[in-house]
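The values are calculated or read from the model by the stated rules, or taken from the named source; none is laboratory data. This structure is a prediction, so every number in the text was calculated from the model and none was measured. For neighbour counting, all protein chains shown are included, and Cβ atoms are generated from backbone atoms with ideal geometry for every residue, glycine included.
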Amino acid sequence: MALHRKIIHIDMDAFYASVEQRDNPEYKGKPIVVGGKPEGRGGVVATASYEARKFGVRSAMPSKRAKELCPDAIFVYPRFDAYKEASKKIREIFYRYTDLVEPLSLDEAFLDVTNDKLNIGSAIEIAKLIKQQIKEETGLTASAGISSSKFVAKIASDLQKPDGLTFVGPSKIEGFMEKLPVEKFFGVGKVTANKMKKMGLHTGGDLKKMTEEELTKYFGKSGRFFYKIVRGIDNREVQPHREHKSMGAEDTFSYDLTEEDEMNEQLEKIAQTVCKRLQKYNLKGRTITLKIKYHDFKQITRNQSFPYLINDFETIFSTSKQLLLNSNIDDKKIRLLGISISNFIALTGVSKKKKNNGQMELF
């Protein structure tokens, strides 16, 4: 008889906003928006408390729109040091039960508890203990999804938020996936979901009626993934030491940039931040990518690869400037610029354990 893995996905509830409400009693019970400024341009919501979400405020929404939806919202500037400190304590709790912890960001992680350190045996019981200890030791709540695959565990953790716990056993996975709306599939955005619905594909059950060839024809490589996942096939392991795929920084401006000198000035600051992060983690990469978002929210990327490894400021800044110049910026209004480095190789003598866990940071 095959041994089913026991995987828990822990997802903190409105993490940044919850930390703010914990640390500032006057914010409790009130609509909190972390990130951005409601006045002027450029602000973007990092996260919102559940009180604000009732009004339709969501992550990545322009702050101006959030203010329109929730006029009484309290806008708070992010305190990443506080969020990282809370995240560190939460991870310490995870490691009491297993060393197989794969952080996805500051506020969520996969845990493989097939063989837990305390020999508890029950993934449901472990998830309950983790949730309880997080609440007692940090004053925050978390939601947990439990299953034998990463995909289902991640979806399950979102079903009963906040402070929820959802278990989907191995025998229930196929039925669970058949009923799942396509927009709930991890990795399916609005564009793909709309495309599916136009094709009459509304649930996992609808996807299951299509052959692997048909799904691949319409959705590329993702089609093969959809074919497997609706049948409960997900053999991906929890990876305790995730490698960096890219590292970067970006900035959304309070007003649209129209002059090349202004753009280069901002690029210089961003390049300095990227350089410091690369050197902090002793990383060198071969590809520099420039991200540009215009005033109408249209977004493009331009990149350049090198035959050798780089992490120095001069190369990053000069290459980014050239990529910007080659992007036909004349008469264009730019609201965001970003630089990232990819195709990494760590420098000799660096322990993978000391790297950060590949999480994306907001800046």
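Okay, here's what the table says:
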{"item": "Selection within segment 234-257 - exposed (fewer than 14 other Cβ atoms within 10 Å of the Cβ), more than 21 Å from the chain's Cα centre (by Cα) and modelled with pLDDT of 85 or more", "result": "N235"}
{"item": "Tally of residues being touching a Ser or Thr at 6+ places or on another chain (Cβ under 7 Å) and either among the hydroxyl-bearing types (S, T, Y) or assigned to a helix (DSSP H, G or I) (or both) across segment 145-157", "result": "3"}
{"item": "Close pairs (8 angstrom Cβ cut-off, 6 or more residues apart or separate chains): on the phi > 0 side of the Ramachandran plot in segment 261-286, among the aliphatic types (A, V, I, L, M) anywhere", "result": "N282/A346; N282/L347; N282/V350"}
{"item": "Looking only at segment 261-298, and only at residues there that are in a strand (DSSP E or B) and modelled with pLDDT under 90, the one that is farthest from L324 (Cα to Cα)", "result": "L283"}
{"item": "Residue match in segment 96-105 (condition: in a helix (DSSP H, G or I) and loosely packed, with under 14 Cβ neighbours inside 10 Å)", "result": "no"}
{"item": "Matching residues, segment 88-102, being touching a residue at least 60 places away in the same chain (Cβ under 8 Å) and closer than 23 Å to R22 by Cα", "result": "I90, F94"}
{"item": "The one condition in (1) within 15 Å of K228 (Cβ to Cβ); (2) hydrophobic (A, V, I, L, M, F, W, C); (3) surrounded by fewer than 16 Cβ atoms within 10 Å (Cβ to Cβ) that V191 fails to fulfil", "result": "(1)"}
{"item": "Residues of segment 73-93 that turn out to be modelled with pLDDT of 90 or more and either in a helix (DSSP H, G or I) or out of contact with any Phe, Trp or Tyr (no Cβ under 9 Å at 6 or more places or on another chain) (or both), as a count", "result": "12"}
{"item": "Tally, over segment 86-95, of residues that are within 19 Å of the chain's Cα centre (by Cα) and exposed (fewer than 14 other Cβ atoms within 10 Å of the Cβ)", "result": "1"}
{"item": "Pair list, Cβ under 7 Å, 6 or more apart: segment 119-144 residue within 19 Å of G169 (Cβ to Cβ) and outside any helix (DSSP H, G or I), other residue acidic (D, E) and at pLDDT 95 or above", "result": "S143/D11; S143/D13; S143/D163"}
{"item": "Residues of segment 158-177 satisfying the condition of being farther than 18 Å from E237 by Cβ and assigned to a helix (DSSP H, G or I)", "result": "S171, K172, E174, G175, F176, M177"}
{"item": "Test: residue in segment 216-231 that is touching a residue at least 60 places away in the same chain (Cβ under 8 Å) and either surrounded by 14 or more Cβ atoms within 10 Å (Cβ to Cβ) or out of contact with any helix residue (DSSP H, G or I) (no Cβ under 8 Å at 6 or more places or on another chain) (or both)", "result": "yes"}
{"item": "Residue match in segment 132-139 (condition: of a type in the set (V, I, T), out of contact with any Asp or Glu (no Cβ under 7 Å at 6 or more places or on another chain) and closer than 21 Å to Y95 by Cα)", "result": "yes"}
